[in-house]
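Here's the structure we're looking at; comments come further down.
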Amino acid sequence: MSRESNADVIVAGSGNAAMSAALAAAEAGASVVVLEKAPRAEAGGNTWYTAGAYRTPHGGIDDLGALLSDPADARLAATELSSYAEADFRADLERLTDGRCDPLMADVLVGDARGSIDWLHGHGVGFELMYHRQAYALDGGGHRFWGNLALGVVGGGKGLVAQQLETARALGVEVVYEAGVVGLERDGDGAIAGVETADGRRWAAPAVVLACGGFQADPALRARHLGDRWRAAKVRGTGHNTGEALLAALDAGAARAGDWGSCHSVAWDVDAPPHGGDRELTNRFTKQSYPLGIVVNLAGERFVDEGSDFRNYTYARLGAAIIEQPQATAVQLFDGKTKPLLRDDEYTVPGIVRHEAGDLRSLARAAGIDPDGLERTVRAFNAAVRAGPFDPTAKDGKGTDGIEPPKSNWAQPLDRAPYVAVTVTCGITFTFGGLRIDADGRVLDERAAPIAGLFAAGEIAGGLFAGNYPGGSGLTAGTVFGRRAGHSAATAVIGPDPAPRAAGAQQEGVAS
Ligand SMILES: Cc1cc2nc3c(=O)[nH]c(=O)nc-3n(C[C@H](O)[C@H](O)[C@H](O)COP(=O)(O)OP(=O)(O)OC[C@H]3O[C@@H](n4cnc5c(N)ncnc54)[C@H](O)[C@@H]3O)c2cc1C
């Protein structure tokens, strides 16, 4: 094999899971090469597109304060933020996946979340409380957070990618772009000994960490595993996560894990780019304020309980409900009462298909909804709304009676102009099925034995999520399991107590 590297550890991918692995391997003393499929201008994977939201157990504001880049933020004193226990996070995983999350992985994710975020913070990643996305201003002043997701990276996904890259380079990690992994090399004993990239180059290393995301950007793989309708889904994030390295690992004997038939998918602007997101606007095509209004298809019929839970617990399955509707299209409807509460960055994005009208029939015609159907639906909905106070910061129990599907919280009649319609389709985020790994990020074969030299983390690994997902868990999982995989890979090669690499260390003998 011609040798393009003499690194101890190859990491494939440059998103959050990959860079967490690279950082952990480098700080454990290993020399590390990151092989990224995308050109430099498109690197960073889905991570680049994220809002940077991290789900973690915490004890409230005082506890999170140590992580904040601006601990003197004047808003903190008048902010209500309930604590979120490890048991709450674990119960959320169990509940949202209908008990299908891998128990060991779920325990590791929950137990390691906070420590791994502290570790990331120690590597220069700054955090803030996400007032703009996860809190409402209170009438009497101050803010209240809802939905157990408060912590975000300063600068969102773009900030996270930039900081991880800077820290990795300072630790001597080499990043090679346009080097997509398509095959795995094995030595005479069957251990992984390196990788092959799409340009035919071979890269030798005794440990390989795959952190190349899911297969959501490949329409044929989507159709095969999720169903034919999923060809029509728009890809929210990177177009580079097309599953080659995942398939290469399966070819090398890795076992599958998790739910290959479901994925994370959301309500997404109907006119957003079809494939591969927009690196400038990133997450702004998401439309997450639907719990405040109602959602109908083009026949004017409701098809989900918009208020079954906080947005953070329902948005990741909404795309799958939308793709089942005619033309894979739905319309979110609000009125003059709820319009001021819409997430500003999402509902004002350039190119959004948004209509406003003084009456519902005009709105229906403008938005391409059957006016008679919509009128029937709204009449029945308005009549079904329970009396009582509306409170978007809590599950207020202000639901509907006697209609199907019900709306369980935040139900208010649509009766005040202007009426607002925002047209959405299904945007796929990532696939839930992936490689089977253990708590140390080692890839397992069908007999549950580790494949020597092969590690994985992030969305390429399956087992944590099925059918649904608690918002903010993907980044946390990438950091928790990326850190573990990187550390395991390093110690597998150089032993458990190597000399740590100092910041500024440079690596030799790597072609890029
Ligand atoms: C719009 C949007 C918003 C989101 N917001 C959040 C959020 O706020 N919080 C949250 O927790 N999650 C969020 N997510 C989910 C997010 O996808 C994950 O949390 C996380 O970023 C995934 O990290 P990862 O490292 O596993 O994959 P990625 O970040 O996708 O990284 C995979 C990397 O592998 C590279 N690659 C692919 N194939 C190969 C190959 N064959 N060889 C080498 N490299 C390869 C890709 O180019 C990419 O750099 C969001 C996703 C999207 C799309």
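The values are calculated or read from the model by the stated rules, or taken from the named source; none is laboratory data. These numbers were taken from a predicted model, which means no experiment stands behind them. Using ideal geometry, Cβ is built from the backbone for each residue, glycine included, and neighbour counts are taken over all protein chains shown. Accessible surface areas use protein heavy atoms only, side chains included; no ligands, DNA or RNA. Shrake-Rupley method; radii C 1.70, N 1.55, O 1.52, S 1.80 Å.
Some observations on this one:
- The residue among Gly358, Phe334, Gly472 whose Cα reaches farthest toward the positive pole of the charge dipole of the stretch 323-481, with charges on the beta-carbon of Lys, Arg, Asp and Glu, is Gly358.
- In the chain, the longest principal axis of the Cα atoms and the axis of helix 156-170 are about 10 degrees apart.
- Structural descriptor for the stretch 23-175: relative contact order 40 percent, calculated from alpha carbon pairs under 8 angstrom and at least 6 residues apart.
- Of the whole protein surface, Asp359 contributes about 70 Å² of accessible area at a 1.4 Å probe radius.
- In a simple Cβ point-charge model (Lys, Arg +1; Asp, Glu -1; nothing else charged), the stretch 266-427 has a dipole of about 220 debye relative to its Cα centre.
- A cut-off of 5 Å between modelled amide H atoms, ignoring neighbours fewer than 5 places along the same chain, links Thr79 with His143.
- Near Pro470, once Lys and Arg are set to +1 and Asp and Glu to -1 for all other residues with Cβ below 14 Å from its Cβ, the sum equals 0.
- Mean accessible surface per residue for the chain, computed with a 1.4 Å probe while every protein chain stays in place, in Å²: 36
- Under 5 Å between amide hydrogens, built in the peptide plane, is the criterion, and for Glu185 it picks out Ala193, Gly194, Val195, Glu196 among residues at least 5 positions away or on other chains.
- Net charge of the neighbourhood of Cys101, taken over other residues with C-beta under 11 Å away and scored Lys/Arg +1, Asp/Glu -1, is -3.
- Hits among aspartates and glutamates - C-alpha to C-alpha of Lys339 under 17 Å, sequence gap 8 or more where chains match: Asp139, Glu306, Glu356, Asp359, Asp391, Asp415
- Local electrostatic count at Pro389 - Lys and Arg +1, Asp and Glu -1, tallied over other residues with Cβ under 9 Å: -1
- When the C-alpha to C-alpha distance is required to be over 25 Å, the pairs from Lys234/Lys337; Lys158/Lys395; Lys287/Lys398 that qualify are Lys234/Lys337; Lys158/Lys395.
- Simple Cβ-charge dipole of the chain, Lys/Arg +1 and Asp/Glu -1, about Cα centre, in debye nearest 20: 840
- Three-way shape label, the stretch 164-247, alpha-carbon gyration tensor, a/c 1.5: oblate
- The chain, accessible surface, carbon-and-sulfur percent (1.4 angstrom probe): 49
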